[in-house]
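The values are calculated or read from the model by the stated rules, or taken from the named source; none is laboratory data. Just so it is clear, the structure is predicted and the values come from calculations on it, not from any experiment. All Cβ positions, glycine included, derive from the backbone under ideal geometry; neighbour counts span all protein chains shown. SASA here: full protein model, heavy atoms, side chains in, ligands and nucleic acids out. Shrake-Rupley method; radii C 1.70, N 1.55, O 1.52, S 1.80 Å.
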Amino acid sequence: QVSKKDFEGFRKLFHRFLQVKGPSVEWSKINRPPEDSIQPYDKIKAKGLPDYIADSLNKLVVVKLNGGLGTSMGCKGPKSLISVRNENTFLDLTVQQIEHLNKTYNADVPLVLMNSFNTDEDTKKILQKYTHHRVKIHTFNQSRYPRINKESLLPVAKDMAMTGENADVWYPPGHGDIYASFYNSGLLEQLIAEGKEYIFVSNIDNLGATVDLYILNHLVSQPNGKRCEFIMEVTDKTRADVKGGTLIQYDGKLRLLEIAQVPKAHVDEFKSVTKFKIFNTNNLWISLSAIKRLQEQNAMDMEIIVNPKTLDGGLNVIQLETAVGAAIKCFDNALGINVPRSRFLPVKTTSDLLLVMSNLYSLEAGSLTMSERREFPTTPHVKLGSSFTKVQEYLTRFESIPDMLELDHLTVSGDVTFGKHVSLKGTVIIIANHGDRIDIPAGSMLENKIVSGNLRILDH
């Protein structure tokens, strides 16, 4: 039954892929979104909160995208099971946050995890540890689609098996698949029947994506005729975010423009911080009844992202994907909200991990907030070299996480280790050339320093 539905979905996607020729946007038709279509967060917050916010919370479901593996950080299994802070994993922090909401407001906000065939089994095993927490947890699975040969455009898989030579011929088709797989799982109907109205969707590795009561209140307090069906949280671009998708006005509708859709000649323009000032955080608030309606009318239209991959044997394949935010143009009264940068705190690399493990952040009820003791709100720029890529290696190189309260910029390259209680301030660059090793002594304070050469500290 599941394979049938998967095949049906793939057939539709593949059919569209064969029909679409050329770029999916005409550059000349792109306009900046109108002023009122992207609201500043402060304006939403200024409305305050009603006395009975629990009523609004009871209409909410938190959905976390949990299809990804920890491979890019050198870990086996689901990424959500990597420890990020005081032995807490991404999943632990998510459960703590929602449990805290439910207890504080005497509410019933459930957590839904969208797993992929890569993460489902391991995630379900771990979920048993939350049975006595005050949060109901549901899961459903993303579709499983066949990778296709780049030349012949035929599936690489010979049969439905997942193991052996078939291990890497299937893929989960991106988070845009949430609408169809959520609907097909029956969970969407079940939650609507329980009186739920909105989902808050985000990546499980974005530690800034907590339930925001002001945005929720804005959603539920709209008059009936003007019900907002889709909110995308966006935030100001910095030089580090040039690849993030942005909101544009196109054919009279708000629309997400991803770098993959931009014609080559305009990529530099797309990356500029002046023309496209904001990017999509992938924190989304979406109406459940609208998803149901669009699925039933077969009206969910998302641009196809063609993702080229090379399999272990050297075979070139493509996988067809869609992005959850790309459906914004299908919903009524869609809105962007320009939120503070603190709502976008993704952990994609060990450099990000260093930031969230450090004293720059304090942890309370599963939520990370910037320490009061940091004088300015921006996060330091951290670049750890290839010796730090894998989490296990990274952990062995720090005897304890340095004090980074006054750090602006850290670059580390080569074979470098840090002793206990090191303090880093301003701009610190540490470079050990090939064959050299630098051990930063315990208790060191480095402020605006470049460290190079060879420094070994060995136990006597």
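Among the residues of the range 402-409, are any acidic (Asp, Glu), without any contact (Cβ under 8 Å) to a residue 40 or more places away in the chain and open to solvent by less than 30 Å² (accessible area, probe 1.4 Å)?
No, the range 402-409 contains no residue that is acidic (Asp, Glu), without any contact (Cβ under 8 Å) to a residue 40 or more places away in the chain and open to solvent by less than 30 Å² (accessible area, probe 1.4 Å).
Are any residues in the range 365-398 surrounded by fewer than 16 Cβ atoms within 10 Å (Cβ to Cβ) and either charged (D, E, K, R) or closer than 30 Å to LYS103 by Cβ (or both), and if so, which ones?
ALA365, THR369, SER371, GLU372, ARG373, GLU375, PRO377, LYS383, GLU393
Could you figure out which of (1) closer than 18 Å to ASP251 by Cβ; (2) open to solvent by 90 Å² or more (accessible area, probe 1.4 Å); (3) over 27 Å from the mean Cα position of the chain (by Cα) isn't true of VAL20?
The failed condition is (2).
Say we look at the range 140-152 and pick out the residues that are open to solvent by less than 50 Å² (accessible area, probe 1.4 Å) and touching a residue at least 60 places away in the same chain (Cβ under 8 Å); which of these is farthest from GLN1 (Cα to Cα)?
This residue is ASN149.
Within the range 430-437, does at least one residue satisfy the condition of being open to solvent by 20 Å² or more (accessible area, probe 1.4 Å) and in a helix (DSSP H, G or I)?
No.
Of the residues in the range 214-242, how many are under 19 Å from the mean Cα position of the chain (by Cα) and either among the hydroxyl-bearing types (Ser, Thr, Tyr) or open to solvent by less than 20 Å² (accessible area, probe 1.4 Å) (or both)?
Qualifying residue count, the range 214-242: 10.
Among strands (runs of 3 or more DSSP E) lying entirely in the range 33-127, which contain 1 or more residues that are buried (at least 21 other Cβ atoms within 10 Å of the Cβ), touching a Leu at 6+ places or on another chain (Cβ under 7 Å) and at pLDDT 90 or above? Outline the logic, then answer.
On the way: elements: 38-40, 60-66, 83-85, 111-115.
Counting at least 1 such residues, we get 60-66, 83-85, 111-115.
So which residues in the range 318-332 are open to solvent by 20 Å² or more (accessible area, probe 1.4 Å) and closer than 14 Å to ASN280 by Cβ, if there are any at all?
Scanning the range 318-332 gives a single hit, LYS329.
Tell me which of these GLY245 doesn't satisfy, since it passes every other one: (1) modelled with pLDDT under 95; (2) closer than 29 Å to LYS79 by Cβ; (3) open to solvent by 20 Å² or more (accessible area, probe 1.4 Å).
So GLY245 meets the others, but not (3).
Looking at THR378, THR369 in this structure, which one is closer than 30 Å to ASP36 by Cα, assigned to a strand (DSSP E or B) and under 21 Å from the mean Cα position of the chain (by Cα)?
Details: THR378 fails: assigned to a strand (DSSP E or B).
Being closer than 30 Å to ASP36 by Cα, assigned to a strand (DSSP E or B) and under 21 Å from the mean Cα position of the chain (by Cα) holds for just one of THR378, THR369, which is THR369.
Which pairs turn up if I take residues in the range 318-345 that are basic (Lys, Arg) and look for partners that are modelled with pLDDT of 95 or more and open to solvent by 10 Å² or more (accessible area, probe 1.4 Å) with beta carbon separation below 8 Å, at least 6 apart in sequence or on another chain?
Qualifying pairs under 8 Å: ARG343/THR210; ARG343/ASP212.
Is there a residue being surrounded by fewer than 18 Cβ atoms within 10 Å (Cβ to Cβ), closer than 30 Å to GLN96 by Cα, out of contact with any strand residue (DSSP E or B) (no Cβ under 7 Å at 6 or more places or on another chain) and assigned by the TED database to the domain that holds LYS5 anywhere in the range 176-186?
Within the range 176-186 (the criterion being surrounded by fewer than 18 Cβ atoms within 10 Å (Cβ to Cβ), closer than 30 Å to GLN96 by Cα, out of contact with any strand residue (DSSP E or B) (no Cβ under 7 Å at 6 or more places or on another chain) and assigned by the TED database to the domain that holds LYS5), the answer is yes, since at least one residue qualifies.
With the requirement that a residue be surrounded by fewer than 20 Cβ atoms within 10 Å (Cβ to Cβ) and touching a residue at least 40 places away in the same chain (Cβ under 8 Å), what does the range 308-317 give you?
Just the residues of the range 308-317 that are surrounded by fewer than 20 Cβ atoms within 10 Å (Cβ to Cβ), to begin with: 308-316.
PRO308, LYS309, LEU311, ASP312, LEU315, ASN316, listed by residue number.
Which count do you get for residues in the range 339-351 that are charged (D, E, K, R) and either under 22 Å from LEU216 (Cβ atoms) or open to solvent by less than 40 Å² (accessible area, probe 1.4 Å) (or both)?
Our first condition is that a residue be charged (D, E, K, R); within the range 339-351, this holds for 341, 343, 348.
Narrowing the set further to residues that are either under 22 Å from LEU216 (Cβ atoms) or open to solvent by less than 40 Å² (accessible area, probe 1.4 Å) (or both) leaves 341, 343.
Qualifying residue count, the range 339-351: 2.
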